[in-house]
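The values are calculated or read from the model by the stated rules, or taken from the named source; none is laboratory data. Nothing here was measured: the structure is a model prediction, and the numbers come from that model. Neighbour counts are summed over all protein chains in view; Cβ atoms, including those assigned to glycine, are modelled from backbone coordinates with ideal geometry. When the accessible area is computed, the model is the full protein with side chains, heavy atoms only, and any ligands, DNA or RNA have been set aside. Shrake-Rupley method; radii C 1.70, N 1.55, O 1.52, S 1.80 Å.
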Amino acid sequence: MPFVITSNCITEKAADCVDVCPVNCIEEGPDQYYINADVCIDCGACEVVCPVSAIYWDDELPDDEKQYVEKAANFFR
């Protein structure tokens, strides 16, 4: 999984990331937005515009946010 949307999205849910995604890989879930790893092209546009810094490259996820990798994978199953 390239980029992951984490807990800060739950309180903000701003959708700036959706607007800039060139491949429409970000979908709204019941509590937050999720990035479809099968569609994402790793451009990083979403990470830059997120007003609450909720988006991380998967290798740079803080330890307390790692559960969001699995949460996103489950959302797209």
When every residue in region 50-72 that is out of contact with any Phe, Trp or Tyr (no Cβ under 9 Å at 6 or more places or on another chain) and in a helix (DSSP H, G or I) is compared, the one surrounded by the most Cβ atoms within 10 Å (Cβ to Cβ) is VAL69
Reported set for region 1-49 where residues are in contact (Cβ under 8 Å) with a residue 40 or more places away in the chain, over 20 Å from ASP63 (Cβ atoms) and part of a loop (DSSP other than H, G, I, E, B) is GLY29, ASN36, ASP42, GLY44
MET1 vs (1) of a type in the set (A, V, I, L, M); (2) open to solvent by 60 Å² or more (accessible area, probe 1.4 Å); (3) modelled with pLDDT of 95 or more: all pass except (3)
